[in-house]
């Protein structure tokens, strides 16, 4: 018996899981980087896979776009499948001009506009942070792999489109590196449910400068991000 949105048996999902938003990216990276791969979920085409990486069992699960979708999978993965380590691997738009496309970011914390967080804490603001142990291991792993990373704060939003041209100015001023759509609720739920979480991002574009990478460069950067995450398993 699986959960509402994941058609897998308990035990089919590894204790450490990577969470790309795009299920097709989950499929591509599982088939490219894991051995003995098994697809354990096809519900709503939100594909999930378990395989072996350097002798260690690891899963990769699509989580969709936005904090609502992410929250569903994070809840079910922890509560039903006993996942202990959740590592988001995705892209972000940089809001600091000096950040180049392809830069890998290790997120220390995630500010954001999650309605769930507001409800959970009665209108007060919870500081949603990554697990320090995973963060430190990711940093050390990146150094061993000679992959440059930058560590800092990010912003998670539920509204991809907005009419305010100065929307990110205040966040840029306060040192936020980039914007994505999932990490705030991931960090909150991991703390709430006694699991560990981390986000590793690749800068896909720079909102301030308008820079964007061609597909081939983005693919290389994504591979770097996944290599760091998989080594943590």
Taking residue 17 as the residue in question, decide whether it is assigned to a helix (DSSP H, G or I), in contact with a strand residue (DSSP E or B) (Cβ under 8 Å, 6 or more places away or on another chain) and either at pLDDT 95 or above or buried (at least 17 other Cβ atoms within 10 Å of the Cβ) (or both). no
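Looking at the range 161-178, is at least one residue within 12 Å of the chain's Cα centre (by Cα), within 18 Å of residue 107 (Cβ to Cβ) and in a helix (DSSP H, G or I)?
Of the residues in the range 161-178, the ones within 12 Å of the chain's Cα centre (by Cα) are none.
No, the range 161-178 has no match at all.
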Restricting attention to the range 31-74, which residues are more than 26 Å from residue 111 (Cα to Cα) and part of a helix (DSSP H, G or I)? 31, 32, 33, 43, 44, 45
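Considering every residue within the range 116-133, establish whether at least one is touching a strand residue (DSSP E or B) at 6+ places or on another chain (Cβ under 8 Å) and closer than 20 Å to residue 101 by Cβ. It would help to see each step written out before you state the result.
Step one: filter the range 116-133 for residues touching a strand residue (DSSP E or B) at 6+ places or on another chain (Cβ under 8 Å), giving 127-131, 133.
Now drop any that are not closer than 20 Å to residue 101 by Cβ, which leaves none.
Scanning the range 116-133, I find no residue that is touching a strand residue (DSSP E or B) at 6+ places or on another chain (Cβ under 8 Å) and closer than 20 Å to residue 101 by Cβ, so the answer is no.
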Restricting attention to the range 109-118, does a residue exist that is touching a residue at least 12 places away in the same chain (Cβ under 8 Å), in a loop (DSSP other than H, G, I, E, B) and farther than 23 Å from residue 136 by Cα? yes
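Any residue at all in the range 75-82 that's part of a helix (DSSP H, G or I), within 17 Å of the chain's Cα centre (by Cα) and buried (at least 23 other Cβ atoms within 10 Å of the Cβ)?
Checking the range 75-82: at least one residue is part of a helix (DSSP H, G or I), within 17 Å of the chain's Cα centre (by Cα) and buried (at least 23 other Cβ atoms within 10 Å of the Cβ).
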Determine whether residue 145 is crowded, with 21+ Cβ neighbours inside 10 Å and out of contact with any strand residue (DSSP E or B) (no Cβ under 6 Å at 6 or more places or on another chain). no
Out of (1) touching a helix residue (DSSP H, G or I) at 6+ places or on another chain (Cβ under 9 Å); (2) at pLDDT 95 or above; (3) surrounded by fewer than 18 Cβ atoms within 10 Å (Cβ to Cβ), what's the single condition that is false for residue 175? (1)
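Which of the residues spanning the range 105-115 are crowded, with 21+ Cβ neighbours inside 10 Å, modelled with pLDDT of 95 or more and over 11 Å from residue 201 (Cβ atoms)? Full working, then the answer.
Let us first name the residues in the range 105-115 that are crowded, with 21+ Cβ neighbours inside 10 Å, namely 105-107, 110, 112, 114.
Still in the list and also modelled with pLDDT of 95 or more: 105-107, 110, 112.
Scanning the range 105-115 gives a single hit, 112.
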Could you list all residues from the range 161-198 that are out of contact with any strand residue (DSSP E or B) (no Cβ under 9 Å at 6 or more places or on another chain) and more than 23 Å from residue 150 (Cβ to Cβ)? 161, 162, 163, 164, 165, 166, 192, 193, 194
Could you say which residue among 2, 102 is at pLDDT below 95 and closer than 19 Å to residue 226 by Cα? 102
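Going by the conditions given, is residue 230 within 16 Å of residue 130 (Cβ to Cβ), surrounded by 19 or more Cβ atoms within 10 Å (Cβ to Cβ) and in contact (Cβ under 8 Å) with a residue 24 or more places away in the chain? If you could, list the steps in order and put the result at the bottom.
Working: within 16 Å of residue 130 (Cβ to Cβ): no; surrounded by 19 or more Cβ atoms within 10 Å (Cβ to Cβ): yes; in contact (Cβ under 8 Å) with a residue 24 or more places away in the chain: yes.
Criteria not met by residue 230.
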Exactly one of these conditions fails for residue 223: (1) more than 17 Å from the chain's Cα centre (by Cα); (2) surrounded by 13 or more Cβ atoms within 10 Å (Cβ to Cβ); (3) at pLDDT below 95. Give me its number. (1)
Check the range 116-126 and report whether any residue there is under 30 Å from residue 50 (Cα atoms) and surrounded by fewer than 21 Cβ atoms within 10 Å (Cβ to Cβ). yes
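The values are calculated or read from the model by the stated rules, or taken from the named source; none is laboratory data. This is a predicted model, so every value here is computed, not measured. With ideal geometry, Cβ positions are generated from the backbone for all residues, glycine too; neighbour counts draw on all protein chains shown.
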